[in-house]
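FYI, it's all coordinate maths here, none of it is from the lab. Because the structure is predicted, anything quoted here is derived from the model rather than measured. For neighbour counting, all protein chains shown are included, and Cβ atoms are generated from backbone atoms with ideal geometry for every residue, glycine included.
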Amino acid sequence: MSKINEYEKIINDIAKNKGYDSHITISTSNRRDLGEFQINDAMTLAKIYHKNPVDIAKDIKEELDKDNNFENINIAGAGFINVSISNGSLIKYINEIKSDINNNIDKMNPKNILLDYGGANVAKTLHVGHLRSANIGEALKRLAKTLGHNTISDVHLGDSGLQAGLVVLEIKNRYKDLPCFKENYNGEDFNLPITIEDLKDIYPTASQKSKEDENYLNEARQITYQIQNNDIVYTKIWEKVSTLSKRDIKNIYDRINTNFDLWEGEMDSFKYIKELFKYLESKNLIYESDGAIIMDVKEDTDDKEIPPLLLRKSDGAYLYATTDLATIYGRMKRFKLDEIWYTTDIRQELHFTQVFRGAYKSKIVDENTKLGFYGFGTMNGKDGKPFKTRSGGVMPLEMLINLIKDECKKRINRNIVEEEKVEETSELIAIAALKYADLLPFRATDYCFDPAKFSDLDGKTGPYLLYSTIRMKSLLNKADESNIKYNDYKIINNETDKEIVITLLTLPNVLKRAYDSKSINEIAEYIYKLTSIYNKFYSENKIITLENEDLRESWLVLTKVVYDTNMLLLNIMGIKCPEKM
Ligand code: ARG
């Protein structure tokens with residue numbers, strides 16, 4: 001158990017012994033002069049036990065006074081208890097976590113969680129929305145793992161929509177000589193003479209044509225339908241396009257430290273669709289309406305209209321809802337899952353409400369399995385509208401990364417970073433800048449893209465965190481080189497030292513709240529806070545040259561613990577730290 005929860009348990013045990021059986025929590029106080037922590041539960045207990053809150057506070061204080069973890073206990077106002085943790089107890093705490101930072105984490109009861117994020121679309125360019133999905137989803141996965149859960153991540157590629165027909169149609173027009181387009185094609189394998197660069201042109205061209213030419217659009221629709229229904233020629237081409245496109249998509253995900261256990265897509269759900277429809281039919285849940293097949297998911301208690309799930313269009317084509325429901329059907333068959341988490345743009349919320357309802361109503365998912373939608377807001381430009389390229393198009397993710405990279409490159413200290421490392425280092429800093437800025441606001445909040453601000457070495461930025469963390473590491477390296485040992489934490493020197501320790505103490509609660517809200521923002525705030533206090537400490541003290549060996553040793557241990565904490569949190573955020581910058 002983490003120390004903070006140990007303290008909380010002691011206090012709860014004390015209260016229980018005094019006859020107050022209700023959960024008491026300790027929270028950090030903003031009146032540090034009165035004590036670092038506060039207990040605010042006396043008022044709640046007063047209502048339960050029909051007693052004066054001040055008397056309850058006194059009862060608890062009496063026992064706390066006897067416990068040498070606590071000191072300076074006083075009662076304020078209507079029954080608030082202010083508490084400080086004794087230096088002796090804090091010193092013990094740092095010694096408990098100094099060699100394994102996991103000792104400062106509370107593991108949860110392990111659950112099996114499948115995370116659906118990323119969601120890139122095959123043959124289309126990744127855009128900033130895909131950045132947010134990948135970045136937030138990846139961090140949530142890493143957080144869940146850190147807290148002890150088992151995770152499966154699935155990129156769930158968009159690969160069954162109209163773009164499939166459009167791309168294949170355009171390929172058909174451009175490469176008439178492919179063996180698969182010959183009369184006597186027998187299904188044998190062939191080479192598709194297309195590069196990623198070609199593909200980057202094929203989709204936009206086809207999409208444009210379909211807007212100008214209705215016949216073209218209809219043909220693309222027809223081909224999409226045929227791909228969905230396993231047409232031997234079109235499906236083969238589409239598979240090849242997918243393979244090529246996936247390689248490109250994976251390169252971009254690699255750049256932003258996002259990795260998936262499963263590289264599946266909407267098309268992988270098609271093998272369940274027949275079975276799914278049969279199942280829904282057997283439960284009388286679907287019916288025909290104007291040639292389409294739909295399922296009602298509205299509930300009596302709805303205060304806004306929840307439209308039915310559209311599972312098959314009148315032309316026979318399947319839709320986004322179909323693939324998502326069939327994907328859930330497949331996942332529940334293949335895995336033993338406690339939860340499935342979806343991280344997409346918040347504008348998809350209604351879609352997921354409908355799909356989740358369909359899944360529960362049909363009992364594809366039982367009530368013990370949680371389907372969670374964790375939507376995110378938009379990255380805007382300075383004009384407050386979704387961030388665009390100069391010409392007003394959707395900003396490709398690669399272009400966005402490169403914009404920040406240029407900013408970061410300007411700021412690299414060339415006296416420290418060797419020429420041949422500049423490229424690699426600016427990449428790491430740029431990714432940190434982008435990812436951190438994206439995790440800093442609450443998940444569902446929109447934010448403004450500002451490359452100069454995100455890349456700044458000062459302020460709440462990724463580069464600031466990297467720079468500071470590297471400096472901690474180099475201090476520890478210096479100690480190692482000078483053969484200075486730092487094994488034990490012995491002295492809390494002053495308020496700054498103590499503030500670092502108290503901040504470390506609260507980490508488990510920050511992680512827990514981030515987990516509960518499925519948003520990394522509190523972690524992003526926390527690492528900034530810890531780093532800033534550490535930097536204050538760093539600028540106030542000359543550590544390596546200090547003569548008081550016990551204090552020097554304590555300071556180095558403290559540095560190591562902060563460094564380990566930062567590395568843990570950067571890793572949760574999917575941010576890598578360069579050696580120098
Ligand atoms: N491909 C979709 C898009 O680009 C996102 C997929 C989200 N996941 C899901 N299971 N629907 O908007």
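Quick check on this structure: which one of Asn251, Asn257 is touching a residue at least 24 places away in the same chain (Cβ under 8 Å), more than 16 Å from the ligand (Cβ to nearest atom) and under 28 Å from the mean Cα position of the chain (by Cα)?
Values: Asn251 fails: touching a residue at least 24 places away in the same chain (Cβ under 8 Å).
Within the list Asn251, Asn257, the selection yields Asn257.
Does the stretch 1-27 hold any residues that are of a type in the set (Val, Ile, Thr), outside any helix (DSSP H, G or I) and closer than 16 Å to Ile73 by Cβ, and which are they? Quick ask: steps written out before the conclusion?
We begin by selecting, within the stretch 1-27, every residue of a type in the set (Val, Ile, Thr); these are 4, 10-11, 14, 24-26.
If we keep only those that are outside any helix (DSSP H, G or I) as well, we get 24-26.
Across the stretch 1-27, the qualifying residues are Ile24, Ile26.
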Do we find that Ile101 is under 20 Å from Val510 (Cβ atoms), β-branched (Val, Ile, Thr) and touching a residue at least 40 places away in the same chain (Cβ under 8 Å) in this structure? yes
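Can you pull out every residue in the stretch 328-364 that is β-branched (Val, Ile, Thr) and either more than 26 Å from Gly148 (Cα to Cα) or more than 14 Å from the ligand (Cβ to nearest atom) (or both)?
The initial filter retains those residues of the stretch 328-364 that are β-branched (Val, Ile, Thr), namely 328, 340, 343-344, 346, 353, 355, 364.
Correct list: Ile346, Thr353, Val355, Ile364.
So in the stretch 450-481, with the set limited to residues that are outside any helix (DSSP H, G or I) and of a type outside the set (Lys, Arg), which one is farthest from Asp564 (Cα to Cα)? Let's see the steps before the verdict.
Start the filter on the stretch 450-481 by keeping residues that are outside any helix (DSSP H, G or I), which leaves 450, 455-461.
With the extra rule that they be of a type outside the set (Lys, Arg), the set shrinks to 450, 455-459, 461.
On the way: Asp450: 30, Ser455: 23, Asp456: 24, Leu457: 21, Asp458: 22, Gly459: 21, Thr461: 19 Å.
That would be Asp450.
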Residues of the stretch 144-177 classified as closer than 19 Å to Thr224 by Cα and not acidic (Asp, Glu), total: 19
Exactly one condition in (1) within 14 Å of the ligand (Cβ to nearest atom); (2) surrounded by fewer than 20 Cβ atoms within 10 Å (Cβ to Cβ); (3) assigned to a helix (DSSP H, G or I) is false for Ile152; which is it? (3)
What pairs can you find where one residue is in the stretch 111-123 and of a type in the set (D, E, K, R), the other is more than 8 Å from the ligand (Cβ to nearest atom), and their Cβ atoms are less than 7 Å apart, with a gap of 6+ or different chains? Lys111/His149; Lys111/Asp338; Lys111/Glu339; Asp116/Asp154; Asp116/Ile340; Asp116/Trp341
Of the residues that sit in the stretch 1-55 and are within 33 Å of the chain's Cα centre (by Cα) and aliphatic (A, V, I, L, M), which one is farthest from Phe70 (Cα to Cα)? Met1
Which residues, counting only those in the stretch 182-195, are surrounded by fewer than 12 Cβ atoms within 10 Å (Cβ to Cβ) and under 17 Å from Arg247 (Cβ atoms)? Asn191, Pro193, Thr195
Hey, does the stretch 267-275 have a residue that's within 14 Å of the ligand (Cβ to nearest atom) and of a type in the set (Asp, Glu)? yes
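Each row is one residue, and each column tells you yes or no for (1) within 15 Å of Thr343 (Cα to Cα); (2) within 16 Å of the ligand (Cβ to nearest atom).
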| position | (1), (2) |
| --- | --- |
| Ile91 | no, no |
| Lys98 | no, no |
| Ile101 | no, no |
| Asp106 | no, no |
| Pro110 | no, no |
| Gly119 | yes, yes |
| Val122 | no, yes |
| Leu126 | no, yes |
| Gly129 | yes, yes |
Check whether at least one residue in the stretch 292-300 is more than 16 Å from the ligand (Cβ to nearest atom), of a type outside the set (A, V, I, L, M, F, W, C) and either under 22 Å from Thr151 (Cβ atoms) or surrounded by 15 or more Cβ atoms within 10 Å (Cβ to Cβ) (or both), and report yes or no. yes
